[in-house]
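Beneath this line is the structure, given in structure tokens, with notes to follow.
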Amino acid sequence: MRFSEQWLREWVNPALSSEQLGAQLTMAGLELDALEPAAPAFSGVFVAKILEAVQHPDADKLRVCQVDDGTGTPVQVVCGAPNARAGLLAAFARVGAQLPGGLNIGQAKLRGVESFGMLCGASELGLDGYNDGLLELPADAPVGSDVRSYLKLDDQIFELGITPNRGDCLSILGLARETAAQNDMALGGPELVVVPAASEASITVTVSAPAACPRYCVRVIEDLNAEAVTPLWLTENLRRSGLRPIHPIVDVANYVMLELGQPLHAFDLDRLHGSLEVRMAKADENMVGLDGKTLKLEPDMLVIADSSGPVAMAGVIGGQDSGVKTGTTRIVLESAYFTPEAIAGRARRFGLHTDAAHRFERGTDPELPRIAIERASELICSLYGGIPGVVSEYLSHEHMPQRAPILLRRARIERILGFTVEDQAVEGILQRLGILLEPIAEDLAEGWRATPPSHRHDLSIEVDLIEELARLHGYDQLPARLPSAPLSIAARPENRLDVNALKERMVSLGYREVISYSFVDAPLLEKLTPDQTPLILANPISSEMAAMRTTLWAGLISTLKYNLNRQQTRARLFETGLRFVPQPTGLKQEAMFAGLVFGDERAEQWGGKSRKVDFFDLKGDIEALLALGDLTSQVAWQRATHPALHPGVSARLLLDGEELGWAGVLHPSLEKALDLPGQVFVFELHQERLLRRRVPRFQPVSRFPIIRRDLALLVSDQVSSAELLNCVHDTAPAFLREAEVFDVYRGQGVPDTFASIAIRLILQDNERTLGEADVDAFITAVLTRLNTQFGITLRT
């Protein structure tokens, strides 16, 4: 909502600066988005009259003008504006004037003719919304007066962000009511008079849809001056509100809409056929709007129609074939109350956003149509002549909005706001807002019955009234009190990790946390989890966000692609969140912890050669996570196949026999389908299981020496290192401290389907020094078990 500060101050003029007024409106819930001057700075521009305008002797498009600027001596000016003519009053920049953009006016010679100054158009003064040519001033403008003062350009333009529930503030009247209430002032403004009918002219109206249009007013005005133009003061108010002048009648309608908040429409009476009917559109009806576009109407759309068909889409846009035009002398002025339900969403179906629809969708004052049509009639008749007919009004009391009283309790006020508001303050604030109050003193409810005014559609329950008390009392004036409550520190179980510990570990490993939408692209989910059917949203934000994710990989891959498209060639990402897995009993929500790695193993640096990440980099990061809960030894990495992962580079993780999650590289076909430039490594783990933690237990430190034995074993490719080590641990006595793989060799001396795996064994007893016999017996038992179970032999 854009408006002129001067216009607002004609209604209410608090002793506040522009900045203070903006801050006050913001604290009242009407947020100030912008505050800017009505015109850029300029000086030395005065009202002048062109005494003579003759053709330039050496230029077809220039005129030599003699100008009276109020100094008593005519000034010669060369001007190229097509509307420069004798008798015209215009803005004149004297020699030495400074115009917007740093332009300094000096004496010049144009095609051999001297020019002392410049006759200005609106664009030279930084004013938008005017036609090309000189800025034509009214005939009564005082010659020699400062143009800036005459046009009141030392004004400020406010732009407010009005929330949808405050449609009553989409007008000067509504903002003035708010400002008056905030400052406890009387509301001023122009006197709204009733224009008596000067003829019996009228038009028959039938309202066939009273539920959508319970109030409809029309008035015929004849004998309008077809040559009249919109006065400058009205044009300026429109311009400062963001509207351009269109036609004198339309300009008045727009002015009244901005002033009172009631949209109006004017039909050209000579272009209508018969009577008017307010009805719902019929199937397959079309209408050409004022913008020249054909609108295919639907049965749930309210229209104004004559005998030939729709002439306006009610509350949205008028019809091209019935609108006023140059030469119009007879009009039908319309002012109506259309319910928000009848208008909401209709304009958007055609890609339209009109000022009328913007207001009707939010709710206008149902008592305002008669007042607005009288105000518009007054302006039209006083500015453009005309003979007003009678006002024809249709009113369906049954369908008008009912203002039910709201119970407001003293105890409820204190409970919601946290402090006591005196009765006098409650009554003063609410009455300033036009709310009717009736004190009550019942056993269960001491307080008031409050009836909101017709323009406040947003006041319907008790807390709405309490919000108004807080607004006008001042949110910044509400007392600040620290909460008083018994607080205790909850015990944290030792066998559980905090999810922040996992996040911190990932950050320490070079990962970045991402937060993606739970709504993802359905085709992408079909590729990642083809065995699951995701829940499809009935009304998605977009087609790319139509399905509830069944895996967090969808968001991570989308984030990777977004970064790759912006020249980020290395990514280490992780995310925590819910996945939504369909079950026969409903949708199961599971908290997951997922990660993605792509690109080089480390950022580019001078200390070593870079290489691409591999599966073991990913595995190392996952084991670093598991180490937080001391779970590394309890997790088994099992070869398995996942539809989204490479069959040879994927693993299913089991925690004490229970599935923990998956890890691997994306399947090559999926990598190609997603147009990814390289291998992408991913993992996804059940967060609840990942947060388990083994409670640390004390173990004494042995004072006896350790013994190390290294074994080089010939192992079939079908046997995993985990199976090998598990077999060693199962065979080992209590003095085996560690068993680790420290080397893998393939090559000369090793069969093709085998590998030479070297393991390190650390032996130490708590009670005695181990002897050679103890060690040899253990080594023999291990080798025997490995050979029996897997066919593993010692490499010689």
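Within segment 329-349, residues that are touching a residue at least 60 places away in the same chain (Cβ under 8 Å) and farther than 25 Å from Pro248 by Cβ reach no partner that is assigned to a loop (DSSP other than H, G, I, E, B) and open to solvent by 20 Å² or more (accessible area, probe 1.4 Å) with beta carbons closer than 7 Å at six or more positions or on different chains. One residue alone among Gly72, Gly102 is at pLDDT below 95, within 21 Å of Ala141 (Cβ to Cβ) and of a type outside the set (Asp, Glu), and that residue is Gly72. Sub-7 Å Cβ pairs linking a first residue in segment 407-434 that is in contact (Cβ under 8 Å) with a residue 60 or more places away in the chain and basic (Lys, Arg) to a second residue that is surrounded by fewer than 13 Cβ atoms within 10 Å (Cβ to Cβ) and not in a helix (DSSP H, G or I), at least 6 apart or interchain, are Arg432/Asp184, ordered by first then second residue.
Determine, yes or no, whether Leu587 is outside any helix (DSSP H, G or I), modelled with pLDDT of 95 or more and under 30 Å from Ile536 (Cα atoms). Judged against the criteria, Leu587 is not a match.
Filter segment 236-258 down to the residues that are part of a loop (DSSP other than H, G, I, E, B) and either open to solvent by less than 10 Å² (accessible area, probe 1.4 Å) or of a type in the set (Lys, Arg) (or both) and list them by number. Give the derivation first.
Quick first cut of segment 236-258, residues part of a loop (DSSP other than H, G, I, E, B) only: 241-247.
Scanning segment 236-258 gives a single hit, Arg244.
Part of a strand (DSSP E or B) and hydroxyl-bearing (Ser, Thr, Tyr) - does that describe any residue in segment 291-299? There is at least one residue in segment 291-299 that is part of a strand (DSSP E or B) and hydroxyl-bearing (Ser, Thr, Tyr). Just one of (1) surrounded by 14 or more Cβ atoms within 10 Å (Cβ to Cβ); (2) at pLDDT 95 or above; (3) out of contact with any strand residue (DSSP E or B) (no Cβ under 6 Å at 6 or more places or on another chain); (4) not charged (D, E, K, R) fails for Met27. It is (2).
When the residues of segment 541-550 are filtered to those that are part of a loop (DSSP other than H, G, I, E, B) and of a type in the set (S, T, N, Q), which remaining residue is modelled with the highest pLDDT? Here the answer is Thr550.
Only one of the listed residues (Ala305, Ala281, Ala314) is over 26 Å from Ser377 (Cα atoms) and either touching a residue at least 24 places away in the same chain (Cβ under 8 Å) or among the polar types (S, T, N, Q) (or both). That residue is Ala281.
Of all residues in segment 442-472, those satisfying the criterion of being over 29 Å from Tyr337 (Cα atoms) and open to solvent by 80 Å² or more (accessible area, probe 1.4 Å) are Glu442, Asp443, Leu444, Glu446. Go through (1) closer than 21 Å to Arg496 by Cα; (2) among the aromatic types (Phe, Trp, Tyr); (3) open to solvent by 40 Å² or more (accessible area, probe 1.4 Å) for Phe574 and report which single condition fails. Looking at each condition in turn, Phe574 falls short on (3).
For segment 302-338, the candidate set comprises residues that are outside any strand (DSSP E or B) and buried (at least 24 other Cβ atoms within 10 Å of the Cβ); within that set, the residue that is nearest to the chain's Cα centre (by Cα) is Val316. Filtering segment 186-220 to residues that are more than 21 Å from Glu259 (Cα to Cα) and of a type in the set (Val, Ile, Thr) leaves Ile203, Thr204, Val205, Thr206, Val207, Val220.
Look at segment 479-496: where a residue is at pLDDT 80 or above and a partner is of a type outside the set (Asp, Glu) and not in a loop (DSSP other than H, G, I, E, B), sitting 6+ places away or on another chain with Cβ atoms under 8 Å, you get Asn495/Arg692; Arg496/Arg692. Taking the criterion of being in a loop (DSSP other than H, G, I, E, B), open to solvent by 60 Å² or more (accessible area, probe 1.4 Å) and of a type in the set (Val, Ile, Thr), the only residue of segment 522-540 that qualifies is Thr533. Against the test of being out of contact with any strand residue (DSSP E or B) (no Cβ under 9 Å at 6 or more places or on another chain), under 30 Å from Val390 (Cα atoms) and in contact (Cβ under 8 Å) with a residue 40 or more places away in the chain, the options Pro196, Pro245, Pro164, Pro210 yield a single qualifying residue, Pro245.
Let's see how each residue does on (1) in a helix (DSSP H, G or I); (2) open to solvent by less than 10 Å² (accessible area, probe 1.4 Å):
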| position | (1), (2) |
| --- | --- |
| Ala372 | yes, yes |
| Ser377 | yes, yes |
| Cys381 | yes, no |
| Val391 | no, no |
| Gln402 | no, no |
| Arg415 | yes, no |
| Ile429 | yes, no |
| Ile440 | no, no |
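Sort out which residues of segment 339-350 are in a loop (DSSP other than H, G, I, E, B) and either of a type in the set (Phe, Trp, Tyr) or crowded, with 19+ Cβ neighbours inside 10 Å (or both), and write them in order of number. Correct list: Thr339, Phe350. Being assigned to a strand (DSSP E or B) and either open to solvent by 60 Å² or more (accessible area, probe 1.4 Å) or among the β-branched types (Val, Ile, Thr) (or both) holds for only one residue in Val12, Val47, and it is Val47. The residues on offer are Val193, Val229, and the sole one that is modelled with pLDDT under 95, under 22 Å from Val324 (Cα atoms) and in a loop (DSSP other than H, G, I, E, B) is Val229.
The rows are residues; the columns are (1) open to solvent by 10 Å² or more (accessible area, probe 1.4 Å); (2) hydrophobic (A, V, I, L, M, F, W, C).
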residue	(1), (2)
Leu192	yes, yes
Ala197	yes, yes
Glu200	yes, no
Val205	yes, yes
Thr230	yes, no
Leu234	no, yes
Leu260	no, yes
Arg271	yes, no
Gly274	yes, no
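Selection of segment 135-174 for residues being over 30 Å from Asp464 (Cα atoms), of a type in the set (D, E, K, R) and out of contact with any helix residue (DSSP H, G or I) (no Cβ under 7 Å at 6 or more places or on another chain) yields Glu136, Asp140, Asp146, Arg148.
Considering segment 543-554 alone, what residues qualify as being within 24 Å of the chain's Cα centre (by Cα) and either open to solvent by 20 Å² or more (accessible area, probe 1.4 Å) or not basic (Lys, Arg) (or both)?
Ser543, Glu544, Met545, Ala546, Ala547, Met548
Residues of segment 728-758 that are open to solvent by less than 70 Å² (accessible area, probe 1.4 Å), over 60 Å from the mean Cα position of the chain (by Cα) and closer than 17 Å to Ile779 by Cβ: Val728, Thr731, Ala732, Pro733, Phe735, Leu736, Ala758. Note on segment 121-140: among residues that are open to solvent by less than 90 Å² (accessible area, probe 1.4 Å) and of a type in the set (A, V, I, L, M), the one that is nearest to Gly102 (Cα to Cα) is Leu125. Annotation note: of Ile515, Ile557, the sole residue that is closer than 18 Å to Ala594 by Cβ and either open to solvent by 80 Å² or more (accessible area, probe 1.4 Å) or of a type in the set (Lys, Arg) (or both) is Ile515. The conditions of being exposed (fewer than 13 other Cβ atoms within 10 Å of the Cβ) and part of a loop (DSSP other than H, G, I, E, B) are met by Pro479.
The values are calculated or read from the model by the stated rules, or taken from the named source; none is laboratory data. Just so it is clear, the model here is predicted, and its values are computed rather than measured. Glycine also receives a Cβ, built like all others from the backbone with ideal geometry; neighbour counts cover every protein chain displayed. Surface accessibility is based on the protein's heavy atoms, side chains included, excluding ligands, DNA and RNA. Shrake-Rupley method; radii C 1.70, N 1.55, O 1.52, S 1.80 Å.
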